[in-house]
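Undergrad: First the structure, then my questions, so here it is.
The values are calculated or read from the model by the stated rules, or taken from the named source; none is laboratory data. Just so we're clear, the structure is a prediction, and the values are computed from it rather than from any experiment. With ideal geometry, Cβ positions are generated from the backbone for all residues, glycine too; neighbour counts draw on all protein chains shown.
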Amino acid sequence: MKLAILVSLPVLAALLPSCTPLSDQPAMRAERVMYEWHDDYGPGKVKVNIDLGEQRATYTRGGRPIGWSYVATGIEGRRTPSGTFRISEKIVDKYSNRYGWIEDEFGNVVNGDATPGTRVPPGCTYVAAPMPYWMRLTDWGIGMHAGLIPEPGEPASHGCIRLPKPFAPMLFEAVDVGTPVHITH
C-alpha cells in the first residue's frame with residue numbers, strides 16, 4: 001500500500017527554509033573581490049609586481065606578501081611597457097594632460113576618447129581624465145592611479161596601470177618615491 005502525503009506550500013516552505021527566498025527582493029549578485037590588503041607596516045620597503053597577462057599586481061614588504069589587486073593596463077596599441085621602474089612622483093589629485101572626454105551641457109559623454117586637441121562641438125566641454133592617487137613610473141606619462149576596471153583580468157587603459165578605486169589610497173600611503181615596480185608579461 002502506498003501512502004501519499006499532501007503538504008501545503010507554506011508548510012513545505014517551513015520545512016525547507018534553505019530552499020526558500022528570505023524576502024521578495026531579487027537575489028543580490030555577489031561582488032567580485034578586487035583586492036586584498038593586509039600590510040603589517042613592519043620592517044622593509046614595499047615592492048610592487050604587476051603581471052600584464054593576469055592583470056594582477058602583488059605587493060610585498062621586506063619580502064613578505066602584504067596584498068594583491070586587479071589592475072587594468074594598456075589596451076592593444078597602447079600597451080603598458082614591461083620592465084623595472086621606480087615611482088618618481090606622487091600626486092593625490094592629478095588630471096591627465098593627454099586624455100579625457102567631451103560632454104554636453106547636461107553632462108552626457110558625447111566622445112569618451114578625446115584628447116586636448118579634439119574638436120569640441122558647440123555647447124560641449126572637454127574634461128581631462130582624473131587620475132587620483134597618481135604614482136608616476138615613466139617620463140612619458142605612464143603611472144599607477146585609481147581608475148575604472150570594467151572587466152577584471154582584461155586590459156582597459158591608455159597605458160597606465162589602473163588600480164581599484166577603494167584600494168589606491170592605501171597603496172599610495174604605503175609606497176614612497178623610489179619604490180620599485182616590476183612589470184612583466
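Undergrad: Looking only at the range 116-155, which residues are among the β-branched types (V, I, T), without any contact (Cβ under 8 Å) to a residue 40 or more places away in the chain and closer than 29 Å to M34 by Cα? I'd like the intermediate steps shown before the answer.
TA: The initial filter retains those residues of the range 116-155 that are among the β-branched types (V, I, T), namely 118, 120, 125, 127, 138, 142, 149.
When the remaining residues are screened for being without any contact (Cβ under 8 Å) to a residue 40 or more places away in the chain, the result is 118, 120, 125, 127.
Across the range 116-155, the qualifying residue is only V127.
Undergrad: OK, next. Among the residues that make up the range 93-102, is at least one of them among the hydrophobic types (A, V, I, L, M, F, W, C), over 24 Å from A156 (Cβ atoms) and surrounded by 14 or more Cβ atoms within 10 Å (Cβ to Cβ)?
TA: Here is the first cut: in the range 93-102, the residues among the hydrophobic types (A, V, I, L, M, F, W, C) are 101-102.
Filter once more, so that each one left must be over 24 Å from A156 (Cβ atoms): none.
Scanning the range 93-102, I find no residue that is among the hydrophobic types (A, V, I, L, M, F, W, C), over 24 Å from A156 (Cβ atoms) and surrounded by 14 or more Cβ atoms within 10 Å (Cβ to Cβ), so the answer is no.
Undergrad: Answer yes if at least one residue in the range 156-176 is closer than 14 Å to S96 by Cβ, exposed (fewer than 15 other Cβ atoms within 10 Å of the Cβ), out of contact with any helix residue (DSSP H, G or I) (no Cβ under 8 Å at 6 or more places or on another chain) and free of Cβ contacts under 8 Å to residues at least 60 places away in the same chain, and no otherwise.
TA: no
Undergrad: Here's a follow-up. Mind listing just one residue for me: the one in the range 156-185 that is part of a loop (DSSP other than H, G, I, E, B) and under 11 Å from the mean Cα position of the chain (by Cα) and, of those, farthest from K47 (Cα to Cα)? Write out each step before concluding.
TA: The first filter runs over the range 156-185 and keeps only residues part of a loop (DSSP other than H, G, I, E, B), leaving 156, 158-160, 164-167, 175-179, 185.
Subsequent filtering for residues that are under 11 Å from the mean Cα position of the chain (by Cα) retains 156, 164-167.
Values: A156: 24, P164: 18, K165: 20, P166: 20, F167: 16 Å.
The residue in question is A156.
Undergrad: Got at least one residue in the range 9-31 being at pLDDT 95 or above and of a type outside the set (A, V, I, L, M, F, W, C)?
TA: No, because not a single residue in the range 9-31 is at pLDDT 95 or above and of a type outside the set (A, V, I, L, M, F, W, C).
Undergrad: Out of M131, M135, report the one residue that is on the phi < 0 side of the Ramachandran plot and touching a helix residue (DSSP H, G or I) at 6+ places or on another chain (Cβ under 8 Å). First the steps, then the outcome.
TA: Working: M131 fails: touching a helix residue (DSSP H, G or I) at 6+ places or on another chain (Cβ under 8 Å).
Residue meeting the stated conditions: M135.
Undergrad: Mind checking which pairs have a first residue in the range 49-65 that is over 16 Å from E36 (Cα atoms) and in contact (Cβ under 8 Å) with a residue 60 or more places away in the chain and a second that is crowded, with 18+ Cβ neighbours inside 10 Å and not aliphatic (A, V, I, L, M), Cβ under 8 Å, 6 or more apart or different chains?
TA: L52/T73; L52/T80; L52/P155
Undergrad: Does E154 qualify as being within 27 Å of P65 (Cβ to Cβ) and touching a Lys or Arg at 6+ places or on another chain (Cβ under 8 Å)? Let's see the steps before the verdict.
TA: On the way: within 27 Å of P65 (Cβ to Cβ): yes; touching a Lys or Arg at 6+ places or on another chain (Cβ under 8 Å): no.
Against the criterion (within 27 Å of P65 (Cβ to Cβ) and touching a Lys or Arg at 6+ places or on another chain (Cβ under 8 Å)), E154 does not qualify.
Undergrad: Would you pick out the residues in the range 54-68 that are in contact with a strand residue (DSSP E or B) (Cβ under 8 Å, 6 or more places away or on another chain) and not charged (D, E, K, R)?
TA: Initially, the range 54-68 is screened for residues in contact with a strand residue (DSSP E or B) (Cβ under 8 Å, 6 or more places away or on another chain), giving 55-61, 65-68.
Matches in the range 54-68: Q55, A57, T58, Y59, T60, P65, I66, G67, W68.
Undergrad: Taking the residues in the range 125-166 that are in contact with a Pro (Cβ under 9 Å, 6 or more places away or on another chain) and among the aliphatic types (A, V, I, L, M) as candidates, determine which candidate is nearest to R56 (Cα to Cα).
TA: Among those that are in contact with a Pro (Cβ under 9 Å, 6 or more places away or on another chain) and among the aliphatic types (A, V, I, L, M), it is I149.
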